[in-house]
Amino acid sequence: MKRDTGRPFRLALAAAFALVPLLVVADVRIPAREFEFTRLIYNENPAFARSWGFGSYRWLTDAPEAETHLLQGIKRLTRIDAASEGTAVRLDDDALFEHPFLYAVEVGGWILSDAEVVRLREFLDRGGFLVVDDFHGTREWEGFMHSMRRVYPDRPVTEIKESDEVFHVLYELIERPQIPSIYGAITGRTWEQDGYTPHWRGIYDEKGRLTVIINFNMDLGDAWEHADNPQYPQPLTALAYRFAINYLLYSMTH
C-alpha cells in the first residue's frame, strides 16, 4: 500500500472501467478472450477509512499497471489467450458470472451488504474463484473476516498445505517468502502493521475445491505493478507472477 498521487487519473479510471468487449453468439454473451483479469468492485467499510493523503478507492489499488503487466506475463509464459487489459465488476452486476476469476485488493477495508454476501456465495458455489491480496495485520484481518464469515459461515479458513495442487499445478512453489510493497522492497521493512508473517490461506468447498485464496500479509499487486521498476527485486516479481499463474491455472482446471 502506498501514497497515491494520481487521484484525478484513478477517479477517471474508476468511472471509465468497462468490461472487455464481448462477442454475441446465439444471444449468449461470451468473453472475447479465454481469460480476463477482473477486479471486484466493493464498498468500503467506514471503520477502515484511509488516512489523509490517499486517494481513489481501495479496490483500484495498483490499477491499471498491476494487471497490465501481469497479463503481459501470462501471455509470455503460458498459451492462455488473455485479454491485454483488466476489467472490473460488481457483485450485483449481471455480468458477474461471465468472469469466473475475481481479484479483490485491500480487502481489510471492504464491506459486503447482505445481498452481496448471498451473491458472492452463489458465485463461488457455481465454480467461481476469488483471490484476495494486500491486507495486513490483526485489524485488517478482522475487517476482511467481518464479511467473509457471512459468505462462508459453514466453511473454515485454513492454511493451504504445502502439498496442495495450487502450489504445484505448473510452478513448484516451495519457497514462499513475504512479497512486500514497493516501499517494503526499498526499505527492507517487508511487513505492514503487525503483519510480520506471510500466510497463504484458503477456503475449500464441500468437495475439496479451493474457492478462495487469501494472500495475507503480502502485496502481490505491488510486485506485478512494479515489474519494470529496477527498485523492486526481480526475483520477487517473478515469484508473484508464478503464484498468479498457478492460481489462474488451478481456477481453470477445477
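The values are calculated or read from the model by the stated rules, or taken from the named source; none is laboratory data. A quick note: this is a predicted structure, and the numbers were derived from the prediction, not measured. For neighbour counting, all protein chains shown are included, and Cβ atoms are generated from backbone atoms with ideal geometry for every residue, glycine included.
Values computed for the structure shown
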read-out: Residue identified as more than 15 Å from the chain's Cα centre (by Cα) and under 24 Å from M148 (Cα atoms) among D81, D62, D133, D94; value: D94
read-out: Residue in the stretch 136-143 that is surrounded by fewer than 16 Cβ atoms within 10 Å (Cβ to Cβ), without any contact (Cβ under 8 Å) to a residue 24 or more places away in the chain, assigned to a helix (DSSP H, G or I) and of a type outside the set (D, E, K, R) present; value: no
read-out: Enumeration of residues in the stretch 67-97 that are closer than 19 Å to I245 by Cα, out of contact with any strand residue (DSSP E or B) (no Cβ under 8 Å at 6 or more places or on another chain) and either of a type in the set (D, E) or not in a loop (DSSP other than H, G, I, E, B) (or both); value: T68, H69, L70, Q72, G73, R76, L77, E85
read-out: Options R189, R201, R242: the member that is of a type in the set (K, R), free of Cβ contacts under 8 Å to residues at least 24 places away in the same chain and either surrounded by fewer than 23 Cβ atoms within 10 Å (Cβ to Cβ) or not in a helix (DSSP H, G or I) (or both); value: R189
read-out: Subset tally (residues that are out of contact with any helix residue (DSSP H, G or I) (no Cβ under 8 Å at 6 or more places or on another chain) and touching a residue at least 60 places away in the same chain (Cβ under 8 Å)) for the stretch 81-102; value: 4
read-out: Yes/no for Y196 being in contact (Cβ under 8 Å) with a residue 40 or more places away in the chain, out of contact with any strand residue (DSSP E or B) (no Cβ under 8 Å at 6 or more places or on another chain) and either aromatic (F, W, Y) or within 29 Å of D114 (Cβ to Cβ) (or both); value: no
read-out: Selected residue (only one of F123, F135, F97 is modelled with pLDDT of 95 or more and within 21 Å of D154 (Cα to Cα)); value: F123
read-out: Which listed residue, of R126, R119, is of a type in the set (K, R) and either over 18 Å from R90 (Cβ atoms) or crowded, with 17+ Cβ neighbours inside 10 Å (or both); value: R119
read-out: Out of T190, T158, T211, sole residue that is in contact with an Asp or Glu (Cβ under 6 Å, 6 or more places away or on another chain) and either β-branched (V, I, T) or over 26 Å from A47 (Cβ atoms) (or both); value: T211
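Rundown of residues vs (1) at pLDDT below 95; (2) in contact with a Phe, Trp or Tyr (Cβ under 8 Å, 6 or more places away or on another chain), yes/no style:
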position	(1), (2)
G6	yes, no
R39	no, yes
P64	no, no
L71	no, yes
